[in-house]
Amino acid sequence: MKLVRLIANLGYGSRKQVALMFREGRITDPEGDVLYADDKVGHADIRIDGEPLDPPAGLALMLHKPAGYTCSTRDPGRVIYDLLPPRFRLRSPALSPVGRLDRDSTGLLLMTDDGALLHRIIAPKSKLAKVYEAQLASDLRGDEAETFASGTLMLESEKTPLAPVELEIVEPRFARLALTEGRYHQVRRMFAAVGNHVEALHRSRIGGLSLGDLPAGAWRPLDTDDLELLFSSS
Ligand code: URA
């Protein structure tokens, strides 16, 4: 790929703006020698104003989503892209959330510009477990685990029952659930269906991948070990 296009696709500017950056000598190799737009160099050997380039296409990252941010580009309020470098909003191919978390939900959110990876994670047949922790408004009754595991629970306005969901009651008003589907507001609607209300919802794990000690609001790129963990079922 031509250098102007490669750099423009990473969100550094329009092709015209990137061409100007070349003319201004802002694009160099690691030793500081000025690069020209028709040079043949790889991503790792390019610096802009002395800084390495953002990660190339094929980027996958995890974000510890705080409450109050929507998984959208258009919402006029706070959006998850506000937590990433501003250029990430302008990348092509676009960086998209892998499934969504509600505005008030927190926790592990994956994002990628790799369509095949995104599909592999969200495809129903991948059956990757998503683990949520729910703080509830009322004490659990005790029969919810059986209802959720039944594979017969129908949510309002849905045509098919939910796949079985494992529920662990940690405290009378605190539960952990493992879902293999991702229906709209699924956890909140499941508890509404059993007469309860979710006050706070946190996703702690997808497949074998957890947030670790990543603080709320922070992100980090995923490496091949992370992706291996993600698709392991531990
Ligand atoms: N289920 C919900 O209700 N909300 C989320 O954000 C994720 C799963």
Selection from region 79-108 of residues basic (K, R) and under 23 Å from R183 (Cα atoms) yields R100, R103
Restricted to region 186-209 and to residues being under 20 Å from I122 (Cβ atoms) and of a type in the set (S, T, N, Q), the residue most open to solvent (accessible area, probe 1.4 Å) is S204
All-but-one check, I80 against (1) open to solvent by less than 40 Å² (accessible area, probe 1.4 Å); (2) in the same structural domain as V198 (by TED's automatic domain parsing); (3) among the hydrophobic types (A, V, I, L, M, F, W, C), failing number (2)
Exactly one of G182, G212 is surrounded by 14 or more Cβ atoms within 10 Å (Cβ to Cβ) and not in a strand (DSSP E or B), and that residue is G182
Scanning region 159-213 for residues that are among the charged types (D, E, K, R) and within 14 Å of the ligand (Cβ to nearest atom), the one farthest from H64 (Cα to Cα) turns out to be R189
Pairs returned, first residue in region 93-104 that is assigned to a loop (DSSP other than H, G, I, E, B), second residue that is within 11 Å of the ligand (Cβ to nearest atom) and open to solvent by less than 40 Å² (accessible area, probe 1.4 Å), beta-carbon separation under 7 angstrom, 6 or more apart or interchain, are R100/C71; L101/K65; L101/C71; L101/G107; L101/L109; L101/R203; R103/T70
Only unsatisfied item for S150, checking (1) over 30 Å from L59 (Cα atoms); (2) among the small types (G, A, S); (3) modelled with pLDDT under 95, is (3)
Residue count, region 39-69, condition open to solvent by 20 Å² or more (accessible area, probe 1.4 Å) and of a type in the set (V, I, T), comes to 1
query = Somewhere in region 21-37, is a residue in a strand (DSSP E or B) and closer than 28 Å to G217 by Cα?
reply = no
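Results for (1) farther than 20 Å from L214 by Cα; (2) away from the ligand (no atom under 11 Å from the Cβ); (3) basic (K, R); (4) not assigned by TED's automatic domain parsing to the domain that holds R183, shown as yes or no for each residue.
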position: L84; (1), (2), (3), (4): no, yes, no, yes
position: R89; (1), (2), (3), (4): yes, yes, yes, yes
position: L101; (1), (2), (3), (4): no, no, no, yes
position: D104; (1), (2), (3), (4): no, no, no, yes
position: L109; (1), (2), (3), (4): no, no, no, yes
position: D113; (1), (2), (3), (4): yes, yes, no, yes
position: A116; (1), (2), (3), (4): yes, yes, no, yes
position: H119; (1), (2), (3), (4): yes, yes, no, yes
Scanning region 11-38 for residues that are open to solvent by less than 70 Å² (accessible area, probe 1.4 Å) and within 18 Å of R87 (Cβ to Cβ) gives G11, Y12, G13, S14, V18, A19, M21, F22, I27
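The values are calculated or read from the model by the stated rules, or taken from the named source; none is laboratory data. Note that the structure is a prediction, hence the values are computed from the model and not measured. All Cβ positions, glycine included, derive from the backbone under ideal geometry; neighbour counts span all protein chains shown. SASA here: full protein model, heavy atoms, side chains in, ligands and nucleic acids out. Shrake-Rupley method; radii C 1.70, N 1.55, O 1.52, S 1.80 Å.
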